[in-house]
Amino acid sequence: MTIQWFPGHMLETKKLLKHAISKVDVILEVLDARLPLSSANPVLNKLSADKFCLKVLNKKDLADPVRTKAWLDYFKKERNRSVIAVTGSQKEETDAVLKYCTSRIKRNRARKIKIMVVGIPNTGKSTILNTLAGKKIAKTGNVPAVTRHQQRTSLNNNIDIYDTPGILWPVIEPARRASILAASGAISDTAIDYTDIAFFSARFLIESYPGLLMHRYDFLNSVPDDALVLIEQIGAARGCLKKGGIVNIQKASELFIRELRAGKIGPISFETPEDIDDDTKTQ
Ligand SMILES: Nc1nc2c(ncn2[C@@H]2O[C@H](COP(=O)(O)OP(=O)(O)OP(=O)(O)O)[C@@H](O)[C@H]2O)c(=O)[nH]1
Ligand SMILES: [Mg+2]
């Protein structure tokens with residue numbers, strides 16, 4: 001499966017960023033802590049290559065803490081990059097992000113510090129901005145592509161922060177990456193097939209987090225080997241049925257993905273730093 005979802009405002013934003021990035025002091029690249037590899041936009045990486053970039057692993061509360069720690073250790077080794085993990089609604093944590101940014105810049109009081117927040121859709125860029133500002137300035141929402149235009153906000157301490165629309169790239173491949181992005185909620189509903197994503201996610205959870213599945217779905221006698229069987233059992237237990245008592249796989253898939261995205265199955269991460277060198281995982 002590849003995904004193609006590149007609406008016009010993303011192309012516009014990409015063009016804007018090409019010029020705007022050179023004028024800012026720091027880039028905050030907001031990644032999804034559950035998928036720090038797949039949520040890193042190669043286009044943004046290229047555009048920000050010469051700038052100091054702080055990678056913010058957001059949605060820490062939804063991610064596997066052991067894997068997040070491994071990612072923090074991994075990213076700390078990158079040149080011109082630093083990393084921090086946060087929950088976007090937590091003021092103390094986002095303030096730490098700001099403090100880190102300002103500590104990296106030689107301050108000239110006459111000039112405002114410019115920070116630009118970038119990333120793929122739905123990683124929590126606008127949420128972080130709102131938490132930093134202490135009020136709801138930017139619209140947020142649990143669907144991708146909520147922000148459609150760049151927005152500047154002046155914070156108290158002589159800092160201007162720019163929120164930008166989440167952007168992807170024209171063709172998302174390989175299949176594993178497309179599936180992980182879709183499972184996380186970064187891709188529009190119009191471009192994905194919920195049953196495909198649910199089967200992918202079920203296979204992943206059976207392999208990597210069987211204990212969480214048993215805990216959440218306590219009606220299971222054991223974790224099935226097969227993704228279809230798992231989705232069927234969840235659908236049956238949760239009343240996702242068609243006429244005649246047959247499980248409605250589409251409905252069961254949607255329910256499963258909703259629960260996964262909301263963290264109801266537990267804190268999970270799709271990727272570890274080892275995946276970077278593991279070609280077989282990107283097929
Ligand atoms: N659990 C959890 N949810 C978060 C966190 N940060 C943001 N969210 C939720 O994630 C969803 C997307 O947040 P936004 O701030 O709109 O994301 P965005 O990156 O601005 O998205 P676009 O504007 O579409 O690019 C919203 O439902 C937020 O409430 C977090 O740290 N933890
Ligand atoms: Mg936004």
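The values are calculated or read from the model by the stated rules, or taken from the named source; none is laboratory data. Computed from a predicted model, the values in this text were never measured in an experiment. Here the Cβ is made from the backbone with ideal geometry for all residues, glycine too, and neighbour counts use every protein chain on show. Note: accessible area is taken over every heavy atom of the protein model, side chains too, but ligands, DNA and RNA are not part of it. Shrake-Rupley method; radii C 1.70, N 1.55, O 1.52, S 1.80 Å.
Backbone N atoms of the stretch 6-20 closer than 13 Å to the 7 Å Cα→Cβ label point of K51 belong to residues 14-20. Among 89-97, 172-180, the peptide with the highest mean count of other Cβ atoms within 10 Å heads the list, and the full ranking is 172-180, 89-97.
Before rounding to the nearest 500, sum -39500 (n - 2.57) across all DSSP H runs of length at least 4 in the chain and divide by the residue total; then give [θ] at 222 nm in deg cm²/dmol.
Details: 10 runs with 108 residues, N = 283.
Value at 222 nm, helices only, nearest 500: -11500 deg cm²/dmol.
Protein heavy-atom accessible surface, 1.4 Å probe, per residue over the chain: 48 Å².
With a/c under 1.5 counting as rounded, go ahead and sort the chain into rounded, prolate or oblate using the C-alpha gyration tensor (a ≥ b ≥ c being the square roots of the eigenvalues; past the cut-off, prolate if a/b is larger than b/c, else oblate). Please list the in-between numbers first.
Details: a/c = 2.03, a/b = 1.92, b/c = 1.06.
Prolate shape, in that a/c is at least 1.5 and a/b is the bigger ratio.
For the stretch 172-189, 3J(HN,Hα) computed residue by residue from phi via the Karplus equation (6.51, -1.76, 1.60; θ = phi - 60°) reads 9, 8, x, 4, 4, 5, 4, 5, 5, 4, 5, 4, 6, x, 7, 10, 4, 3 Hz, glycine and proline entered as x.
Amide hydrogen proximity for V118: with H placed 1.01 Å from N in the peptide plane, the residues at 5 or more positions away or on another chain lying under 5 Å are L28, E29, V30. Computed from point charges on the beta carbon alone (+1 for Lys and Arg, -1 for Asp and Glu), the dipole magnitude for the chain about its Cα centre is near 1720 Debye. Report in % the part of the accessible area of the stretch 193-282 that belongs to carbon and sulfur, leaving out ligands and nucleic acids; probe 1.4 Å. Whole-percent figure for carbon plus sulfur exposure: 49.
Considering only the other residues whose Cβ falls under 12 Å of the Cβ of K251, what net charge follows from Lys and Arg at +1 and Asp and Glu at -1?
Values: positive: R238, K242, R258; negative: E232, E254.
Once all neighbours under 12 Å are counted, the net charge is +1.
Loop-located chymotrypsin sites (Phe, Trp or Tyr not before Pro) in the stretch 151-253 (DSSP state not H, G, I, E or B) with no more than 16 neighbouring Cβ atoms inside 10 Å: F219.
For the stretch 67-80, putting each phi into the Karplus relation 6.51 cos²θ - 1.76 cosθ + 1.60 with θ = phi - 60° gives couplings of 5, 4, 4, 5, 5, 4, 4, 5, 5, 4, 7, 7, 6, 6 Hz, in residue order, rounded to whole numbers and with x for Gly and Pro. Among the protein heavy atoms of the stretch 8-163, carbon and sulfur supply 50% of the accessible surface, probe 1.4 Å, non-protein parts ignored. Placing R0 at 25 angstrom, the Cβ-Cβ distance between S208 and A175 gives a FRET efficiency of 0.90 after rounding to 0.05. Taking all protein chains as shown and a probe of 1.4 angstrom, L132 keeps an accessible surface of around 10 Å².
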